[in-house]
Amino acid sequence: MSGRPFANVIELLRAAGLRPTRQRLALARLLFDKGDRHVSAEQLHSEGVQAALPVSLATVYNTLHQFITAGLLREVVVSSGRSYFDTNVTDHHHFFFEDSGQLVDIPSDQIGVTELPAPPLGTAIRRVEVIIRVARAPAGTAS
């Protein structure tokens, strides 16, 4: 491992075909140095502000979408206008806690999809993602 700060992030960006600009490096480090996680653009922007990173929310969104296109992130849309960006790009599913907005990974082998409809003409199914929406059960209620 190189002693240079950002060395792993620089290699990650270059391997994905992205030029390692100062803002991409800083945002990638915030995203990927903490292991697998789910983060909204607003959360990442807030982390950037706390780290004294001069970046606009629009730049955060643009960078996240560049990372998606490069295969470094997946977008998980939980409702209209509400997305999370997932650093785990392997096939897997999610529990979505409606009361807290938390996403929790479910390994793909824990969910079986037995039948899928034929895709529309001229298309092919790329992947199936399941989001199981849950809410905390009232105290004293069995789940």
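Under a point-charge model restricted to the Cβ atoms of Lys and Arg (+1) and Asp and Glu (-1), what is the dipole moment magnitude of the stretch 18-104 relative to its Cα centre, in debye to the nearest 20?
Details: 8 positive and 9 negative charges, 96 e Å.
Using Cβ point charges on Lys, Arg, Asp and Glu, the stretch 18-104 gives about 460 debye.
In Å², what does the accessible area per residue of the stretch 1-137 work out to with a 1.4 Å probe? Don't skip to the end; give the middle numbers.
Numbers: 8520 Å² over 137 residues.
Value returned for the stretch 1-137: 62 Å² of accessible area per residue.
So what's the angle, to the nearest 10 degrees on a 0 to 90 scale, between helix 41-50 and the longest Cα principal axis of the chain?
40
Per DSSP helix of 4 or more residues, -39500 (n - 2.57); summed, then divided by the residues of the chain. What does that give at 222 nm, rounded to the nearest 500?
Numbers: 4 runs with 43 residues, N = 143.
One gets -9000 deg cm²/dmol as the mean residue ellipticity at 222 nm.
Cα axis of helix 57-69 to longest principal axis of the chain: angle in degrees, 0 to 90, nearest 10?
70
Please determine, in degrees from 0 to 90 and to the nearest 10, the orientation of helix 22-32 with respect to the longest principal axis defined by the Cα atoms of the chain, where the helix direction is its Cα long axis.
For helix 22-32, the angle is close to 40 degrees.
Write down the percent of antiparallel bridges among all DSSP beta bridges whose residues are both part of the chain, to the nearest 5.
Details: 12 of 16 bridges.
Beta bridges within the chain, antiparallel portion: roughly 75 percent.
Once you sort the root eigenvalues of the Cα gyration tensor of the stretch 39-102 as a ≥ b ≥ c, which label holds: rounded (a/c under 1.5), prolate (a/b larger than b/c) or oblate (the other case)?
Values: a/c = 2.03, a/b = 1.33, b/c = 1.52.
Taking the square roots of the gyration eigenvalues as a ≥ b ≥ c, the stretch 39-102 is oblate.
Based on the alpha-carbon gyration tensor of the chain, what equivalent-ellipsoid semi-axes (square roots of 5 times the eigenvalues) come out, in whole Å, largest first? Mind dumping the intermediate values first?
Numbers: eigenvalues 183, 89, 43 Å².
Sorted largest first and rounded, they come to 30, 21, 15 Å.
In nm, to one decimal, how far is the modelled label at SER46 from the one at ALA16, with both set 7 Å along Cα→Cβ?
For the pair SER46/ALA16, the computed spacing is 2.2 nm.
Ignoring ligands, DNA and RNA, please state the percent of accessible area on the chain from carbon and sulfur, probe 1.4 Å. Spell out each step's value before the answer.
Numbers: 4800 of 9120 Å².
Of the solvent-accessible surface of the chain, carbon and sulfur hold 53 percent.
The values are calculated or read from the model by the stated rules, or taken from the named source; none is laboratory data. In this text, all values refer to a predicted model and were calculated from it rather than measured experimentally. With ideal geometry, Cβ positions are generated from the backbone for all residues, glycine too; neighbour counts draw on all protein chains shown. Side chains included, ligands, DNA and RNA excluded: accessible areas come from the protein's heavy atoms. Shrake-Rupley method; radii C 1.70, N 1.55, O 1.52, S 1.80 Å.
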